[in-house]
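Inspection log for the structure reproduced underneath, given as structure tokens.
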Amino acid sequence: MSEVSPAETPWLRRATIDLGAYRSNVARLRELVAPAELMAVVKADGYGHGATHVAAAAVAAGVTWLGSLSLENAHELRASGIGPEIAVFAWQFAASETFERAVAEKIDLGLSSVAQLDAVARAVEAIAEAAAPDATEGRSVEPARVHLNVDTGLHRDGVLQNDWDAVVTRAVELAGRGILELRGVYSHLAEASDDEDTDSALLLSESIERAHELGARFELRHLTASSAGMERPELRLDMVRMGSNTYGIPVTDGVSASDRGLTPVMTLQARVSRVKRVAAGTGVSYDYTFVAPKDTTLALVPVGYADGISRRAQHGVTIALNGKRYPIVGRVAMDQFLIDVGDDEVSVGDEVTLFGSGSQNELTVGEWADLIGTIGEEVCCSIGARVPRVYV
């Protein structure tokens, strides 16, 4: 993804990332979930906002836990200056992952199998041997930071109940040898219904009790993410993993970001690149799915589905221009779409806002998502790399 200075010109399209709004959201959410910790999730390049930028902003707002998903993202955060005093949590790995770099960089690892535990143990031992190749005993070992993942019904990663005893037993053995540190135990809710989430929470609790019987002790328990973290305070446990809310993306049907006291962080804009006056009966864009019912003015907006603008946006999405809203007409193309501005005065170079905070009569990302039948997270994550991010 490219980045530009706010003062750089000219520009056709840009996504402005309001780091002040992000910090404010994080501060509010930390206060809301307290005394539980808040993990700021910055996977998928910070939901399209720029992982290293928002991670630094999260740390500035007092966060000490970051969720990266992958080791690639975790290493990027460490390389950006996020030191080991900030926990970086990763939980999606290649089958052949060797974990040496992750252990050396003190990445917290969410593990779901004996095979993963053994791979981490080999990494720890390899690091110790490399540090003291001539030692035959008594090597100093820096333990890996491990969280055990319980499958409580989402059925993605996580340990099934039939395998739980074997995984815990192996983890306890490795912890006893100083190979790993059992930092946490966790799961993820399916959020299919309150009753099913309650059942999942109970299964996690039972799994923890069984782990205690097998000799395991965990520093942290974490279960909820953005939705349940807001709606189910009794399930927050020791830490809540939040992504969507930190970016001001609403996660509850019928609830806006402002209802939560949050501000959308991304504002997507473009400049009008062409203006045309057309006669009644003129077909517009591919397949002529729109035909002008009367003489009108069309403004060309230079973003399209290659930039993450869904083709479904022609059905009901309106774009803010000079304080007013105008509909998308005709097919959204790879690189551009058209809006119908009627008889209003519009010029090449005028700024249009696709979505933002809502403060200038533009759609918010949640409203945009509702209109195209998806969720705000998908909208932000879809904004392509050729849209420069501007950080303010």
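At a glance:
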quantity	calculated
Cross-chain or 6+ apart pairs with Cβ under 9 Å, segment 186-198 first and under 15 Å from Arg156 (Cα atoms) and not assigned by TED's automatic domain parsing to the domain that holds Arg145, then part of a loop (DSSP other than H, G, I, E, B) and of a type outside the set (Val, Ile, Thr)	none
Sole exception among (1) surrounded by 13 or more Cβ atoms within 10 Å (Cβ to Cβ); (2) not in a helix (DSSP H, G or I) for Pro133, by number	(1)
Residue identified as in a strand (DSSP E or B) and on the phi < 0 side of the Ramachandran plot among Val146, Val124	Val146
Qualifying residue in segment 211-219 (condition: under 23 Å from the mean Cα position of the chain (by Cα), assigned by TED's automatic domain parsing to the domain that holds Ala144 and in contact (Cβ under 8 Å) with a residue 12 or more places away in the chain)	no
Selected residue [surrounded by fewer than 23 Cβ atoms within 10 Å (Cβ to Cβ), modelled with pLDDT of 95 or more and farther than 25 Å from Lys106 by Cα] from Asp199, Asp253	Asp199
Cβ-Cβ under 6 Å pairs, at least 6 apart or on other chains, segment 104-125 side closer than 20 Å to His188 by Cβ, far side among the aromatic types (Phe, Trp, Tyr) and modelled with pLDDT of 95 or more	Asp108/Phe89; Gly110/Trp91
Qualifying position, being basic (Lys, Arg), more than 30 Å from Met334 (Cα to Cα), out of contact with any His (no Cβ under 6 Å at 6 or more places or on another chain) and part of a loop (DSSP other than H, G, I, E, B), among Arg217, Arg221	Arg217
Qualifying residue in segment 98-110 (condition: among the acidic types (Asp, Glu) and part of a helix (DSSP H, G or I))	yes
Residue within segment 110-126 that is at pLDDT 95 or above, in contact with an Asp or Glu (Cβ under 9 Å, 6 or more places away or on another chain) and within 28 Å of Cys380 (Cα to Cα) present	yes
Candidates Ala333, Ala385, Ala313, filtered to the one that is farther than 20 Å from Val265 by Cβ, of a type in the set (A, V, I, L, M, F, W, C) and assigned to a loop (DSSP other than H, G, I, E, B)	Ala333
Residue within segment 302-311 that is surrounded by fewer than 15 Cβ atoms within 10 Å (Cβ to Cβ), among the small types (Gly, Ala, Ser) and touching a strand residue (DSSP E or B) at 6+ places or on another chain (Cβ under 9 Å) present	no
Count - residues of segment 264-283 that are in a strand (DSSP E or B) and either modelled with pLDDT under 95 or under 25 Å from Gly358 (Cβ atoms) (or both)	6
Unmet criterion (only one of (1) surrounded by fewer than 14 Cβ atoms within 10 Å (Cβ to Cβ); (2) in contact (Cβ under 8 Å) with a residue 60 or more places away in the chain; (3) out of contact with any strand residue (DSSP E or B) (no Cβ under 8 Å at 6 or more places or on another chain); (4) not hydrophobic (A, V, I, L, M, F, W, C)) for Ser347	(3)
Flag if Gly358 is in a loop (DSSP other than H, G, I, E, B) and surrounded by fewer than 18 Cβ atoms within 10 Å (Cβ to Cβ)	no
Matching helices (runs of 4 or more DSSP H) fully within segment 1-93 where at least 3 residues are more than 30 Å from Val146 (Cβ to Cβ) and touching a residue at least 12 places away in the same chain (Cβ under 8 Å)	19-33
Residue within segment 84-96 that is among the acidic types (Asp, Glu), touching a strand residue (DSSP E or B) at 6+ places or on another chain (Cβ under 8 Å), at pLDDT 95 or above and over 28 Å from Ile383 (Cβ atoms) present	no
Unmet requirement for Lys324, which otherwise passes all of (1) over 26 Å from the mean Cα position of the chain (by Cα); (2) touching a residue at least 40 places away in the same chain (Cβ under 8 Å)	(2)
Segment 150-176 residues that are without any contact (Cβ under 8 Å) to a residue 24 or more places away in the chain, paired with ones that are buried (at least 21 other Cβ atoms within 10 Å of the Cβ) (beta carbon under 8 Å, 6 or more apart)	Leu160/Asp151
Selection from segment 310-319 of residues that are without any contact (Cβ under 8 Å) to a residue 60 or more places away in the chain and out of contact with any Gly (no Cβ under 8 Å at 6 or more places or on another chain)	Arg311, Ala313, His315, Gly316, Val317, Thr318, Ile319
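The values are calculated or read from the model by the stated rules, or taken from the named source; none is laboratory data. Since we're looking at a predicted model, the values are computed, not measured. With ideal geometry, Cβ positions are generated from the backbone for all residues, glycine too; neighbour counts draw on all protein chains shown.
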